[in-house]
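Q: The structure under discussion is supplied below as structure tokens; questions concerning it will follow.
The values are calculated or read from the model by the stated rules, or taken from the named source; none is laboratory data. Just so we're clear, the structure is a prediction, and the values are computed from it rather than from any experiment. Here Cβ is always computed from backbone atoms with ideal geometry, including for glycine, and neighbour counts include all displayed protein chains. Please note that ligands, DNA and RNA were not included when accessible areas were found on the heavy atoms of the full protein model with its side chains. Shrake-Rupley method; radii C 1.70, N 1.55, O 1.52, S 1.80 Å.
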Amino acid sequence: MRKWTIPFVLFLLCLIFLVPDQGRKIQANAEADSDAPVDPPKVEEKFGAVPNGLSTDSDVAKREAESMSRKTLRASAEKFEFQAEVSRLMDILINSLYSNKDIFLRELISNASDALDKIRFLALTDKEVLGEGDNTKLEIQIKLDKEKKILSIRDRGVGMTKEDLRKNLGTIAKSGTSAFVEKMQTSGDLNLIGQFGVGFYSVYLVADYVEVISKHNDDKQYVWESKADGAFAISEDTWNEPLGRGTEIRLHLRDEAGEYLDELKLKELVKKYSEFINFPINLWASKEVEKEVPADEDESIDEEETSESSSSEEEGEEDAEKAEDEKKPKTKTVKETTYEWELLNDMKAIWLRSPKEVTDEEYNKFYHSLAKDFSEDKPMAWSHFNAEGDVEFKAVLFIPPKAPHDLYESYYNTKQSNLKLYVRRVFISDEFNELLPKYLNFLMGLVDSDTLPLNVSREMLQQHSSLKTIKKKLIRKALDMIRKLAEEDPDETNDKEKRDVEESSEENEKKGQYAKFWNEFGKSIKLGIIEDATNRNRLAKLLRFETTKSDGKLTSLDQYISRMKSSQKDIFYITGASKEQLEKSPFLERLNKKDYEVIFFTDPVDEYLMQYLMDYEDKKFQNVSKEGLKLKDSKTKELKESFKGLTKWWKTTLASDNVEDVKISNRLADTPCVVVTSKYGWSAYMEKIMHSQTLSDASKQAYMRGKRVLEINPRHPIIKALRERVVTDPEDESVKLTAKLIYQTALMESGFDLSDPKDFASHIYSSVKSSLNISPDATVEEEEDEAEEPEIETKAEEESASEDSELKDEL
């Protein structure tokens, strides 16, 4: 035994000394291996083919995970300083331009789209730049990692070299695409902006660490990284999966930006901002599917125990079924989460296509998508056009089938636009009110401009020189669209023969469309005449109204003029609360007898409208309830002389009522007299409108109130009899009272409010007394005093008080 003890002890001592040396060698080898170059990994067949990472070997996946989670600049990377101060950069870009955090995704997708636009343009002359396989697929891919809080956006665009990364992402003003555009302008017209500049820095609204991995055909794959702390780093990428070509941006999201790891949130943002990007946008989305898997043995045993406990009567049937089941493998249905690419922007940008290529059904679908209108109502009309010249843009405008319920509730106090602004297919804003005037804010649609800059604030866009030109063209196209809607409506034509011809199905669809438009949006056209002096005549052609000869149908000014008498120089109209009321107006009596047509204006805004619409096609407008109406009457001079005494006396009698004058009327037929106002003062209806204003000032209204003129009908028997009484005794108080009563009655019939209704009522009662042969001194019979009534009331009060006290006691 002793013979083997000494060698065994020596063996153990050798092991003790050898193990530390071997450990140090292993550690040294590991450190040497970490510095050695790593073989490039295999290229994935499809980015995001597995849910938890790229299809790489285990070593590459491990290194990639470590780089993603570090949020620190790599020690081996080349460091650079930002040209602009970080404090100024963040203040200008984040606080001023980008108060809405959601737009970071819009900016990144816009940049990706422009990079794809650039490689597509280069491929027109050199197809080899696209490469092979997946590199030829021009698309944008979005992927998220909820565990690591990383959002990735990848494109297969032109990519960036190391120098591009330094210049384009290191300064605000420098832009790779702007330089590219300047270069291409010498040989061709390419309006692409695709810049990693101002827009790119919006990523720091949601991320505190950003990696930009990019591969250009002319350079190696590099990584740009920064924490927006005044410095950034660029290093050759030897740890991430090779991109082939293009750019991938990884956003390491802040804790408060966790909402952007929600698939639904990303879908919503893409739908809102980038729905019409000209390249497919795919999201690596999860999906639950049902799958048949083999059942566990425990479950099968439970099923056997259940079958044994069944009743003896059913044993025969169950045994037969069991025998059949034993032949088939037992399975169960489970839910499994799978991942696949989901296309987010399936709506085609129809405004980029020729209007001739787009069908009516496509326009209808596009309108419902744009307006978020899920009803079956079709838009009344649309206009799709491309504007060329110094300012280039594409636009699609729609007239909605119905007006919003609150369209005119706060017309002047709210800024609301239904026009979406795109710049190179990138959504900018749907609250841009400078594209259309307020009176056209009912129109739906979009404008895609190739001239406006993308990465600037709304305030800067409002001052852009191209905006006025775009607005001018949009207004003209919008008014042409409305005019065309009227022209295509069979009910609008004057040609009776065309109406008699059998109408086609298309004409039937368009029949009554303009009347429908006018009922929904007619007030907007009137407001346009008030606000837009430049297009006032165009808007006037779109006016519709009823007249004394329209038989309840709408009429245009052109149709009215075509029916005017040869001797008629003015366009006659009257304003009031309703058509029924105006039809009975005494102002129309003579005009109707002479077969003149008069327009009915029954909307309160019509009073304001006619203050701005003074003439049309060299025809003046004449309110038949105001002074200035000229109708030929051969006996006018003779009648004026005959009634000169009466008119002078009546004017003196009504001096206290502020009557400007009393004249012989040429507009009455059956009514004794009417009250008209001066030509440039308020009409009776306008006075009522102004009195009803909540914040109206009576003292100021006195200046605008029209001077009142009493016009009498010299052929009426009441006026003739009054003249005879005045000739007999001009100082007779009863005659003066009658004259005043006639004036007050005419005032009411002409649409005015009485200043003293009590006085008018007293005169009416006095007249009734006279007609009933009641003495003017007759008084109202006094009520007899009844002594019992106060006692009864007192007793009733006592009973009520007693009941109240009893009720209180019970409570």
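Q: Mind giving me the FRET efficiency for residue 491 and residue 784? R0 is 56 Å, r the Cβ-Cβ distance, nearest 0.05 is fine.
A: My answer for the efficiency is 0.20.
Q: So, one more: At 1.4 Å probe size, with every protein chain present, just tell me what the per residue accessible area of the stretch 599-643 comes to in Å².
A: Using a 1.4 Å probe on heavy atoms only, each residue of the stretch 599-643 averages 57 Å².
Q: With r defined as the distance between the Cβ atoms of residue 360 and residue 463 and R0 fixed at 35 Å, what FRET efficiency is calculated, to the nearest 0.05?
A: Efficiency, rounded to the nearest 0.05: 0.35.
Q: Dipole magnitude of the stretch 649-761 about its Cα centre, charges +1 at Lys/Arg Cβ and -1 at Asp/Glu Cβ only, in debye to the nearest 20?
A: Charge dipole, the stretch 649-761, about its Cα centre: 400 debye, nearest 20.
Q: Between residue 272 and residue 777, what length comes free when the chain is fully extended (0.36 nm per residue of separation minus the Cα-Cα distance, one decimal in nm)?
A: Taking 0.36 nm per residue and subtracting the Cα distance, the gain is 173.5 nm.
Q: Related question: What list of ³J(HN,Hα) values in whole Hz, one per residue of the stretch 201-217 in order, does the Karplus curve 6.51 cos²θ - 1.76 cosθ + 1.60 (θ = phi - 60°) give from phi, with Gly and Pro shown as x?
A: Computed from phi, the couplings for the stretch 201-217 are 6, 5, 4, 7, 5, 10, 10, 10, 8, 10, 10, 10, 9, 9, 9, 9, 4 Hz.
Q: Continuing with the same structure: How far, in nm, would the chain grow between residue 236 and residue 670 when pulled straight, counting 0.36 nm per residue and subtracting the alpha carbon separation?
A: Gain on extension, residue 236 to residue 670, equals 146.2 nm.
Q: At 0.36 nm per residue, minus the direct Cα-Cα distance, what do residue 595 and residue 287 gain on full extension? Give it in nm, one decimal, please.
A: Gain on stretching residue 595 to residue 287: 103.3 nm.
Q: Taking θ as phi - 60°, what are the ³J(HN,Hα) couplings along the stretch 556-572 by the Karplus curve (6.51, -1.76, 1.60), each to the nearest whole Hz, with x for Gly and Pro?
A: After applying 6.51 cos²θ - 1.76 cosθ + 1.60, I find 9, 5, 5, 5, 4, 4, 5, 9, 5, 6, 4, 8, 7, 9, 10, 8, 8 Hz.
Q: If you take the beta carbon distance between residue 431 and residue 343 as r and set R0 to 35 Å, what does 1/(1 + (r/R0)^6) give as a FRET efficiency, to the nearest 0.05?
A: 0.80
Q: Suppose each label sits 7 Å from its Cα in the direction of the beta carbon; what would the residue 402-residue 558 distance come out to in nanometres?
A: 3.2
Q: Okay, moving on. Can you find, among 339, 412, 396, the residue farthest towards the positive end of the dipole of the stretch 336-424? Put +1 on the C-beta of Lys and Arg, -1 on that of Asp and Glu.
A: 412
Q: Of the listed pairs 137/420; 146/267; 149/287, which have alpha-carbon separations greater than 24 Å here?
A: From 137/420; 146/267; 149/287, over 24 Å: 137/420.
Q: So what are the ³J(HN,Hα) numbers for the stretch 608-622, from phi and the Karplus equation (6.51, -1.76, 1.60; θ = phi - 60°), rounded to whole Hz, Gly and Pro as x?
A: With the stated coefficients, the stretch 608-622 comes to 6, 4, 6, 6, 9, 8, 7, 7, 8, 6, 6, 10, 7, 8, 10 Hz.
Q: Let me ask something additional. Over the stretch 644-713, with every protein chain in place, what whole percent of the accessible area is carbon and sulfur at 1.4 Å, could you tell me?
A: 51
Q: Considering only protein heavy atoms and a probe of 1.4 Å, how much of the accessible area of the stretch 202-258 is carbon and sulfur, as a whole percent?
A: Carbon and sulfur: 40 percent of the exposed surface of the stretch 202-258.
Q: Okay, moving on. Enumerate lysine pairs in the stretch 629-668 that are 8 or more residues apart or on different chains, then count those whose Cα atoms are under 18 Å apart.
A: Lysine pairs, 8 or more places apart or on different chains, close enough: 14.
Q: Let me ask something else about it. Name the residues whose placed amide hydrogens come within less than 5 Å of the amide hydrogen of residue 429, ignoring near sequence neighbours (fewer than 5 apart) on the same chain.
A: 421
Q: Which of the residue pairs 523/593; 549/619; 516/565 have a Cα-Cα distance greater than 28 Å in the structure shown?
A: 523/593; 516/565
Q: At a 1.4 Å probe radius, carbon and sulfur cover how many percent of the accessible area of the stretch 530-614?
A: C and S atoms contribute 46 percent here.
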